[in-house]
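Report on one structure; see the data block that follows.
The values are calculated or read from the model by the stated rules, or taken from the named source; none is laboratory data. Just so we're clear, the structure is a prediction, and the values are computed from it rather than from any experiment. For neighbour counting, all protein chains shown are included, and Cβ atoms are generated from backbone atoms with ideal geometry for every residue, glycine included.
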Amino acid sequence: MNYPVWNVSFLGSGLVVAIIAIIHVLISHIAVGGGIFIAVAEWWAGRQADGDRVRTFLHGFVKYFLIYTTVFGAMTGVGIWFAIGLANPEGTSLLIHQFVFAWATEWVTFIGELTVLYLYFYGWGVNSRRMQLLLAVLYAVIAWLSLFVINGILSFMLTPGGWTPENRDIAAGFFNPTFLPSLLGRTLAMLVLGGLFAMLLAARVEDGLKERIVALAARFVLPAAVAMPALAVWYWFALPEAAQTMWLDGATGVAGGRLEAVTRYSWLAVITGALIVIGTLAFAARPRAVTRAAALAMLLIAQLGVLGGEFFREMARKPYVVHGTLYSNGLWQAESKSPATLDAPYFEAARWEPPGIAPGSPAHGEWIYRLQCASCHTLDGYRALDTRTRAWTPAFAERFLRNLPQQGVMPPFHGDAADRAALAAWLISRHGTPVTAAEVGAAAPEEVTR
Amino acid sequence: MSETRDTESSAGGPGGAADARRGRRRFLALMGGLSACWTGASLYPAYRFLSPQAAPDPFAENGRAAVEKVTPADVARPGMGKNGGYAGRGVIIFRTQAGKLRAFDSKCTHAGCNVEFQGERLFCNCHGGVYDLDGTNIAGPPPRPLTELEAFEQDGLLYVARIADPAKG
Amino acid sequence: MSMDQRFVPIPSDAEDALPPARSTAGAALRAALRRFPIWPVIAFLRGKRVPQHRATAWYAMGGLALVFLAIQIATGILLMVYYRPSQPWASVQRIVNEVPYGAFIRSVHHWSANLMALTLFAHMFSTFFMKAYRPPRELTWLTGCALLGVTLLFAFSGYLLPWDDLSFFATRVSLTEIEKGPGLGPWLADLVRGGPDVTIDTIGRFYVLHVTVLPLAVLAIIGAHLLCIQLQGVSEPDRFAALPEREKKYRAFFGDFMIAEIPIWLAASALVVALAAAVPRGLAPEADPFAAAPAGIKPEWYFLAPYQMLKLFPGHLELIGLGLMNGAMLGALAVPFIDRAVPAGARGRIMTALGAAGLAGFVVLTVWGRLS
């Protein structure tokens, strides 16, 4: 309500963020895991009779790695910044204000990562082996630190812990209940992804060396992947109780308005994890058989697993941007507890108001939709309102909007009866029979008295 | 196979090729075993799909359940009894010589057949289990008495309720 | 008689290939080989190889279809536990709304079916353009065509089972079209429907078809199809066959090729789960035989081409449309008997052009049917 919003039809702005983000998560996790692989492989090369062949492989590895992480990683990373700022200005503002120092550190580590990676790449054949090993280790450490920082902010959104908007205890918010399981879980995921990426590049290496690199990479993937379920369980028990309930209820269908997407996506993560283990075992049993197509297939599974895991985390937070504090549509939980604020006319307190809206007009309803609903719902695409409101009558709509939190994963409606009527009228009119806000308003009291 | 052996010996790792191979095999076996656990876990949805859901409380509605297939006329006079059902389970309802209406869950405690009212006793035809009219197992294989239910008539229909339940129509 | 006389000796080449006799695996394999003298079969399979060339990736399609079939069998068995042909819609609704993970398993079944049909089309067209159907592989081609047909029958019969308004009217339309066929059409339609209209009796027939008749058929035909491939080996495209012998590259089928296929199969399974998680299969309202057909009703994508074809020939011309479709199907069966020359001659080039036209027609009609 305080900012203009980004209206993305069909996909919805949230899904746009999600699509950019899951690609970025895959790339950034490979950037760290691959970095650890380079460091280990550089050390390993020193113990091999044909160490220079290994180093030549690593040089090629880093070339792809550099292009991949700098171009796609940086593009999607900055892309997330653009997208979240447009999709959810209120939440983005909160995160920036709370974690100024962390964000600054994040940019420093990113620049540090790139610098060291370039030094390593161009130092090939120039620097001493010891220097190269040092640079490789340095890269892995800095890259991991960037995870450390962003993980604090990401896990804060789901479990703010001891932080409240009043105490602004950023240390408590940063080192929150899911910080550690999330950090360790992501570290394992990075080892898995780094190993899989190494297998992709090893598929092109000539026989002899290929088998050994694949075997080395399998030692990254397998122990990490096998340890992952333990971290997942730890993470699950650190979740807010509301999220756990949502997950448990989600096992059975949609009856009663329960949200089962969170459960479905969590199983996507579990099943892809098992598939990665099986595929890697096949590779480890017969490293010579690894082809580029097969290694790419493994990365596709990993990408789908990232999708499952990240969507689970995002959906477990519903309907908040910062759990228990700020709703996804920019409404503060504290404000929603005070009837005087919550039931006041929506645009009265707004710092930004769309120009020229006649009260009760279709434009009034549409703007309420854009500002309050569009952060999660599109009209005819992702989580479509047209489908969800197909059977709405004016009386039902009025009552439904007054009791939104009963849906379990919806914030309360912010605004007065006139706002509700305008929104309901606009949504119902989309199904072909025009209804005015006044008609909805007239239907409302009858429902109350019954 | 032979090619793999060649490459491993050319690797010249400490301990020789045989050791490396054995190590790799042991590593794979360990990982395979652990990952089997994970694979098993990913089949959990199928397990939950097949697991029966908790049976609903038969007396959920007002603490009582309507009796099917037995009408008050079937147990109008002392010495009359009939098998019926409630909430998907079997019940045997009869009127004692003293004129009291009694009801038992008809599932025999031995092997689960439904018992029959035979005037002076409740008898199970499957293995010859005998209960007295208090539901106590007095002869044959049944290990425990039958579960008694409280039976009553209301508006021309029969109902049963849990015996400990003080709420009654 | 001594113990050893009752056992079969192990061939010397088997001794070389097996793991050492003192290892557990080696001992178990030797024990098995002494009892079942199948080493010649194993030796034959070990010699199988796959040519390596630019189109090798297409060899994955058949295996992928098998993966989807396996998923179909597993999820289908699970769904059968709760499906009731006497209460079709209510039982599916229960699966979707009440049974834990029921909606998920049903969505997996739905998506895997679609991907299986898609993979089979890709498999058929890729083997067609590689000209793998030419003698001696006629039977492989014919059984392959039969598998595609059975899969489409699976899809057709399974589509009706939820008994929602979409599936009811879609089935009614398809069977009315069959009824229009000259000669046996009305008889066949009545036999399939179990009467003059689609009723609960049709469900009984479709259910039996879907869960017993077609599965038995598909397993038998797949057995024949795979046997053909194992006995005759993987076909080599002309360009590869023309290479000098030392430039031909092969991979061992069971050692290397299949191991590298496993991740692709796993990725396909992951894709099915991801689609089921992201786009769950919905359930429309229960079929009402008296209500108007729902707006925007369309067949599934694999039936859009025939659907559009029928729309193109209105009225009495409809028979032309039906004739064209049946002609295309019969034509596909006749392919290996028309184009036989290796390397491909003039006929082969005409056949490729016809196939390309058929593929283009299929795609155009499908897209057109979707958009119209």
- Query: So which pairs qualify, if the first residue must be in region C:72-89 and more than 14 Å from chain B (Cβ to nearest Cβ), the second must be among the aromatic types (F, W, Y), the Cβ gap must be under 6 Å, and the two must be at least 6 apart or on different chains?
  - Reply: C:P85/C:Y207; C:P88/C:W163; C:W89/C:W163
- Are there any helices (runs of 4 or more DSSP H) wholly within region A:150-253 with 2 or more residues that are within 14 Å of chain C (Cβ to nearest Cβ) and closer than 23 Å to A:E310 by Cα, and if so which? A:179-202, A:209-238, A:241-249
- Item | Test set (1) under 30 Å from C:A90 (Cβ atoms); (2) assigned to a helix (DSSP H, G or I) - C:G331 fails condition number | (1)
- Query: In this structure, is B:G40 farther than 30 Å from B:I163 by Cβ, surrounded by fewer than 16 Cβ atoms within 10 Å (Cβ to Cβ) and within 9 Å of chain A (Cβ to nearest Cβ)?
  - Reply: yes
- Message: What's the number of the only condition in (1) within 16 Å of C:G76 (Cβ to Cβ); (2) under 13 Å from the mean Cα position of the chain (by Cα) that C:L161 fails to meet?
- Response: (2)
- Message: I'd like to know if region C:8-24 contains one or more residues that are more than 23 Å from A:A289 (Cα to Cα), exposed (fewer than 10 other Cβ atoms within 10 Å of the Cβ) and charged (D, E, K, R).
- Response: yes
- Query: Which residue pairs have Cβ atoms under 6 Å apart, sit 6 or more places apart or on different chains, and have a first residue in region A:58-80 that is among the polar types (S, T, N, Q) and a second that is not in a helix (DSSP H, G or I)?
  - Reply: none
- Message: Take the conditions over 27 Å from C:A287 (Cβ atoms), within 14 Å of chain A (Cβ to nearest Cβ) and of a type outside the set (F, W, Y) and apply them to C:A122. Does it pass?
- Response: no
- Item | helices (runs of 4 or more DSSP H) wholly inside region C:199-299 that include at least 2 residues being more than 18 Å from the chain's Cα centre (by Cα) and within 14 Å of chain A (Cβ to nearest Cβ) | C:258-278
- Somewhere in region A:373-387, is a residue outside any helix (DSSP H, G or I), out of contact with any helix residue (DSSP H, G or I) (no Cβ under 9 Å at 6 or more places or on another chain), farther than 25 Å from A:P319 by Cα and small (G, A, S)? no
- Task: Hey, can you tell me all the residues within region A:43-92 that are under 19 Å from A:W6 (Cβ atoms) and either within 14 Å of chain B (Cβ to nearest Cβ) or of a type in the set (G, A, S) (or both)?
- Result: A:G77, A:G79, A:A83, A:G85, A:A87, A:G91
- Set B:G23, B:G90: member being over 30 Å from C:I71 (Cα atoms), outside any loop (DSSP other than H, G, I, E, B) and touching a residue at least 12 places away in the same chain (Cβ under 8 Å): B:G90
- Task: Return the residue satisfying two criteria in turn: it lies in region C:334-350 and is part of a helix (DSSP H, G or I) and more than 23 Å from the chain's Cα centre (by Cα), and of such residues it is surrounded by the most Cβ atoms within 10 Å (Cβ to Cβ).
- Result: C:G348
- Confirm whether B:R24 is within 12 Å of chain A (Cβ to nearest Cβ) and at pLDDT below 80. yes
- Given the conditions (1) over 30 Å from A:F283 (Cβ atoms); (2) surrounded by fewer than 19 Cβ atoms within 10 Å (Cβ to Cβ), which single one is not true for A:S155? (2)
- Kindly list, by first and then second residue, each pair from a residue in region B:133-149 that is part of a loop (DSSP other than H, G, I, E, B) to a residue that is exposed (fewer than 13 other Cβ atoms within 10 Å of the Cβ), limited to pairs with Cβ atoms under 6 Å and residues at least 6 apart or on different chains. B:G140/B:G128; B:P141/B:H127
- Residues in region C:88-109 that are surrounded by fewer than 20 Cβ atoms within 10 Å (Cβ to Cβ) and either modelled with pLDDT of 95 or more or β-branched (V, I, T) (or both): how many? 2
- Item | Enumeration of residues in region A:276-285 that are of a type in the set (A, V, I, L, M) and touching a residue at least 24 places away in the same chain (Cβ under 8 Å) | A:I276, A:V277, A:L281, A:A284
- Message: Just to be sure I understand, how many residues within region C:300-319 are exposed (fewer than 14 other Cβ atoms within 10 Å of the Cβ) and in a loop (DSSP other than H, G, I, E, B)?
- Response: 1
- Message: Contact list please: Cβ distance under 9 Å, first residue in region A:286-308 and at the interface with chain C (Cβ under 7 Å from one of its Cβ atoms), second residue not in a helix (DSSP H, G or I), pairs at least six apart or on different chains.
- Response: A:R288/A:D207; A:A289/C:R251; A:A289/C:A252; A:V290/A:A203; A:T291/A:A203; A:T291/C:R251; A:A293/A:A203; A:A294/A:A203
- Those helices (runs of 4 or more DSSP H) lying entirely in region C:1-55 with at least 3 residues away from chain B (no Cβ under 14 Å) and under 37 Å from the mean Cα position of the chain (by Cα): C:24-35, C:39-46
- Message: Return the pair list, or none, for Cβ contacts closer than 9 Å from residues in region B:61-87 that are in contact (Cβ under 8 Å) with a residue 40 or more places away in the chain and assigned to a loop (DSSP other than H, G, I, E, B) to residues that are surrounded by 13 or more Cβ atoms within 10 Å (Cβ to Cβ) and among the polar types (S, T, N, Q), at least 6 apart or on different chains.
- Response: B:V70/B:N83; B:G79/B:T96
- Members of region A:272-285 that are facing another protein chain (nearest Cβ under 7 Å), among the aliphatic types (A, V, I, L, M) and farther than 13 Å from C:F257 by Cα: A:A274, A:L275, A:V277, A:I278, A:L281, A:A284, A:A285
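Table: residues versus (1) of a type in the set (F, W, Y); (2) under 30 Å from A:A302 (Cα atoms); (3) surrounded by 15 or more Cβ atoms within 10 Å (Cβ to Cβ).
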site: C:F206; (1), (2), (3): yes, no, yes
site: C:T212; (1), (2), (3): no, no, no
site: C:V218; (1), (2), (3): no, no, yes
site: C:K249; (1), (2), (3): no, no, no
site: C:D256; (1), (2), (3): no, yes, yes
- Item | Count of region A:122-140 residues which are assigned to a helix (DSSP H, G or I) and surrounded by 15 or more Cβ atoms within 10 Å (Cβ to Cβ) | 9
